[in-house]
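Take a look at the structure set out below.
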Amino acid sequence: MERKKVKKMSRGGGSSRTQNGNKSVVAMEPGIGNKKTEAMEISKKQGMLFLETMGILFFQVVVMVAVVLLLQNPKKYSLLLNGWFMFSIILVEFGFLFAILFSRDSVPWSMFFFTCFSILNGILMAPVYWFKENRKGVMLAIASTLAIFVIMVGYGIYAYQNGFTMIGWGRYLFIALIALLVGMLLQWGLVMSGVDVTPMNRILSVVGIVLFSMYIAYDTQLIFLGQRRSIGLKGKSALEQDNPVIFAVNLYIDLLNLFQFMQSSSR
C-alpha cells in the first residue's frame, strides 16, 4: 500500500501540501488570496492617484504658462510693474494656499483655489520671463528644471518600489528649508547694506536646487505612502481619503522654487 504524507501548515495562512509519490498538490488558504487581492487593490489605487496628481499638475502649469504668454508685453500694463501691486498678489496667493488646505476635503473647491493661485502666479512670472535680459539663461533654467523634475519623480517612484521610503526625511528637509530662508533674509540685508552678495547668491542657489530636488522625490513618495496609510480606514474609500489636488500643490510649489533657484544661479 502506497504511503501518503500530509503536512499541514498553521491556520494563520500558508498552504497545505499533500504528497502522493512524485506528485504534490498545493492548496492556498483563503488568507493568502485575500492578501494578494488587497495588495493589487492598493497598487491600482496608488497608480490612479499618481496619474490624477500629475494630470492636475500639468493642467495648472499650462494655466500659468498661458497667463505668462498673454502678458507678453506687460509694459502696456503699468499696474503689473508696480511693486505694491505685486506684493498684494503675493499676499493673495498665500490666501489661496490656505484656502486649498482648508478645502482639502472637497476636490472641486481645492481645484478652484489652485487654479486661482496658478493664474496669480502667472502674473508674477510674466515680468521674470519677458524682461529677463539673458533670455537664453531663462530657457536653460526651464529646460534644466523640467529635466530634474522628471528625474526626481522617477527616483522617488523607483526608491519606493524597492523598499526605500523617504518619509523620515520630512523633518530634516524642513530644517534645511528654514536654514535656507534665514540665509536668504541675511542676503537681503546685505544687499540693502550695499554689500556684494554674488558668492553668497550662488551658494544659496545650489542649496535651493538640491533641497527642492529632494523635496520633489519626497512629495512623490507621499502620494504612494499616503495612499497606503489610507487603506483600511472606515467610512470612506481610499481615493476619497486622499485629495490629489493637495499632492499636486506640493509638487507645483517644488517645481516653481526649483525654477527660481535655477534662474537665480544663472545671474
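Observations, loosely collected:
- Test: residue in the stretch 250-261 that is at pLDDT 90 or above, assigned to a helix (DSSP H, G or I), surrounded by 14 or more Cβ atoms within 10 Å (Cβ to Cβ) and of a type in the set (Ser, Thr, Tyr): yes
- Residues located in the stretch 196-217, provided they are in a helix (DSSP H, G or I), β-branched (Val, Ile, Thr) and farther than 19 Å from Leu256 by Cα: Thr198
- Options Gly122, Gly83; residue that is surrounded by fewer than 17 Cβ atoms within 10 Å (Cβ to Cβ) and of a type outside the set (S, T, N, Q): Gly83
- Selection from the stretch 125-147 of residues that are buried (at least 17 other Cβ atoms within 10 Å of the Cβ) and over 18 Å from the mean Cα position of the chain (by Cα): Met125, Ala126, Tyr129, Val138, Ala141
- In the stretch 45-79, the qualifying residues are those that are assigned to a helix (DSSP H, G or I) and modelled with pLDDT under 80, and the one that is surrounded by the most Cβ atoms within 10 Å (Cβ to Cβ) is Pro74.
- Being among the basic types (Lys, Arg), out of contact with any Leu (no Cβ under 7 Å at 6 or more places or on another chain), modelled with pLDDT of 90 or more and surrounded by fewer than 16 Cβ atoms within 10 Å (Cβ to Cβ) is a property that Arg229 lacks.
- Single condition Thr18 does not satisfy, out of (1) modelled with pLDDT under 90; (2) assigned to a helix (DSSP H, G or I); (3) not hydrophobic (A, V, I, L, M, F, W, C): (2)
- Cβ-Cβ under 9 Å pairs, at least 6 apart or on other chains, the stretch 159-178 side among the acidic types (Asp, Glu), far side not in a helix (DSSP H, G or I): none
- Qualifying position, being within 16 Å of Gln260 (Cβ to Cβ) and either of a type in the set (A, V, I, L, M, F, W, C) or modelled with pLDDT of 80 or more (or both), among Met111, Met86: Met86
The values are calculated or read from the model by the stated rules, or taken from the named source; none is laboratory data. As the structure is a computational prediction, the values presented were derived from the model and not from experiment. All Cβ positions, even for glycine, are placed from backbone atoms using ideal geometry, and neighbour counts span all protein chains on display.
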